[in-house]
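Structure record follows, encoded as structure tokens.
The values are calculated or read from the model by the stated rules, or taken from the named source; none is laboratory data. Here the structure is a predicted model, which is why all the values come from computation and not from measurement. Counting neighbours? That spans all protein chains shown, and the Cβs are built from the backbone with ideal geometry, glycine included.
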Amino acid sequence: MSADLTLPQERANQVGRAEAEASLRAAMGEGALSHGWIVAGPKGAGKATLAYRIARGLLDPSALTGEKSFDMPETARAFRLIAQGAHPDLFVAERAWNEKTSKYQTEITVETIRALTLFLNRTAAMGGARVAIIDTADDLNRNAANALLKALEEPPANTLLLLLSEAPGRLLATIRSRCRRLDLRPVPDAEIFALLEQEELAEGSNAAQIAAHASGRPGYALSLAAGDGAEAISLAARFLSEARGAGDISRIAQALAGKAGDEKWEIFRTIVIRDLSDAARAAAGGREVEGPLQGLTPAAILNAYEQLSSLAVRGEGLNLDRIQLITAMAYDLRRALAA
């Protein structure tokens, strides 16, 4: 059963970004905050949380409680309005919801960016700055990206555009050249561990296990802890161990089967593939591989990674029965490691 997570626009705290916030606050204090920023980092790194913190600080600087961060009381007007999605001077560009299909569109369209441009050229409703968050710039289609470029080329005074991106290298070179870039570095496991316990989502060994598997991404760690992350992590480790030793994986497969196993399966699959990838890189770099893949050659681990990555994608595409798919993954893993 998943717990409700605090949304980025509602979150008052953030871990691991003190240095970045101090730098931005200094630029803001000197009036040298660039009009366009690419906030880059993997999914779950905290890009949206940081963007909303910056937006609150720029829209209501008098409510900030320190000189080196964007901390603000939750009772502040800007905080409340942004949390409610009702601040007139904040525009969030994201994939639109399609009522007919009950799904989000696959792209951010040019119509959304045209609306953003109109917003930027209006007078600020509350007499201060105007902020736009593009969540994420990776979702812009070609026409939308070109329309955004025009906004970046001739930005109105006292405006800020925050482009969130998991793959900034794929954005248009002309967009990258008109923005400063802020890369979110991995947050230490100890800070993520403390966050999980503070949020009362995990504790002790479970919190430590989730923090280690989050790879420095606090948002991802929170989502793991709020759902079935701890169990999925344990199942992934057991799968690698049992599959390597030709053990019984039937209980593992049963735990991931059916609709009840959907959330665990997504985490399980990601962790198995990632652990193989990480182990292959470690072995190739001469570093010791720990855990169920210990003692294997780089070639064997890489072979297993390629086989399971391909099988997982094909199995999902063909909508195979999950128990059959996991059994096939175990067979391919043993065969790849043996080869």
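Can you tell me which residues in the range 129-145 are out of contact with any strand residue (DSSP E or B) (no Cβ under 6 Å at 6 or more places or on another chain), assigned to a helix (DSSP H, G or I) and in contact (Cβ under 8 Å) with a residue 24 or more places away in the chain? First the steps, then the outcome.
Filtering the range 129-145 for residues out of contact with any strand residue (DSSP E or B) (no Cβ under 6 Å at 6 or more places or on another chain) gives 129, 141-143, 145.
Those left that are additionally assigned to a helix (DSSP H, G or I): 142-143, 145.
Result: Asn143, Ala145.
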Quiz item: Is it true that some residue in the range 149-165 is outside any strand (DSSP E or B), under 11 Å from Trp37 (Cα atoms) and in contact with a Cys (Cβ under 9 Å, 6 or more places away or on another chain)?
Solution: yes
Exercise. Could you check, for the range 119-128, whether at least one of its residues is out of contact with any helix residue (DSSP H, G or I) (no Cβ under 8 Å at 6 or more places or on another chain), assigned to a helix (DSSP H, G or I) and either surrounded by 15 or more Cβ atoms within 10 Å (Cβ to Cβ) or without any contact (Cβ under 8 Å) to a residue 24 or more places away in the chain (or both)?
Key: yes
Practice problem: Take the range 306-339 and flag every residue that is buried (at least 18 other Cβ atoms within 10 Å of the Cβ) and among the charged types (D, E, K, R). | Solution: Arg322, Asp332
Quiz item: Does any residue of the range 251-261 turn out to be in contact with a Ser or Thr (Cβ under 9 Å, 6 or more places away or on another chain) and modelled with pLDDT under 90?
Solution: no
Quiz prompt | Candidate set: the range 168-193, residues that are of a type in the set (A, V, I, L, M) and exposed (fewer than 13 other Cβ atoms within 10 Å of the Cβ); chosen: the one nearest to Gly36 (Cα to Cα) | solution = Ala173
Quiz prompt | Count of the range 92-118 residues which are part of a helix (DSSP H, G or I) and within 19 Å of Arg56 (Cα to Cα) | solution = 1
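With Gly46, Gly16, Gly57, Gly31 as the choices, which residue is surrounded by fewer than 20 Cβ atoms within 10 Å (Cβ to Cβ) and either assigned by TED's automatic domain parsing to the domain that holds Ala124 or at pLDDT below 95 (or both)?
Gly31
Does Ala236 qualify as being crowded, with 19+ Cβ neighbours inside 10 Å and either over 15 Å from the mean Cα position of the chain (by Cα) or in a helix (DSSP H, G or I) (or both)?
yes
Just wondering, is there one or more residues in the range 313-321 that are at pLDDT 85 or above and in contact with a helix residue (DSSP H, G or I) (Cβ under 7 Å, 6 or more places away or on another chain)?
Our first condition is that a residue be at pLDDT 85 or above; within the range 313-321, this holds for 321.
With the extra rule that they be in contact with a helix residue (DSSP H, G or I) (Cβ under 7 Å, 6 or more places away or on another chain), the set shrinks to none.
Taking every residue of the range 313-321 in turn, none turns out to be at pLDDT 85 or above and in contact with a helix residue (DSSP H, G or I) (Cβ under 7 Å, 6 or more places away or on another chain).
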Quiz item: Within the group Ala211, Ala260, which residue is surrounded by 15 or more Cβ atoms within 10 Å (Cβ to Cβ) and either under 22 Å from the mean Cα position of the chain (by Cα) or at negative phi (or both)?
Solution: Ala211
Quiz item: Do you know which residues across the range 200-242 are in contact (Cβ under 8 Å) with a residue 40 or more places away in the chain, more than 23 Å from Ile326 (Cα to Cα) and of a type outside the set (A, V, I, L, M)?
Solution: Ser215, Gly216, Arg217, Pro218, Gly219, Tyr220, Ser223
Quiz item: Quick check: anything in the range 283-301 in contact with a Leu (Cβ under 9 Å, 6 or more places away or on another chain), crowded, with 21+ Cβ neighbours inside 10 Å and under 23 Å from Lys43 (Cβ atoms)?
Solution: no
Quiz item: Mind checking which residues of the range 214-250 are modelled with pLDDT under 90, over 25 Å from Glu197 (Cα atoms) and of a type in the set (A, V, I, L, M)?
Solution: Ala243, Ala246
Self-check item: Which numbered condition Leu201 misses (of (1) in the same structural domain as Gly41 (by TED's automatic domain parsing); (2) out of contact with any His (no Cβ under 6 Å at 6 or more places or on another chain))
Solution: (1)
Self-check item: Selection within the range 166-207 - within 21 Å of Arg274 (Cα to Cα) and touching a helix residue (DSSP H, G or I) at 6+ places or on another chain (Cβ under 6 Å)
Solution: Glu166, Ala167, Val187, Asp189, Ile192, Phe193, Asn206, Ala207
Practice problem: Would you tally the residues in the range 21-80 being in a helix (DSSP H, G or I), among the polar types (S, T, N, Q) and either without any contact (Cβ under 8 Å) to a residue 60 or more places away in the chain or at positive phi (or both)? | Solution: 2
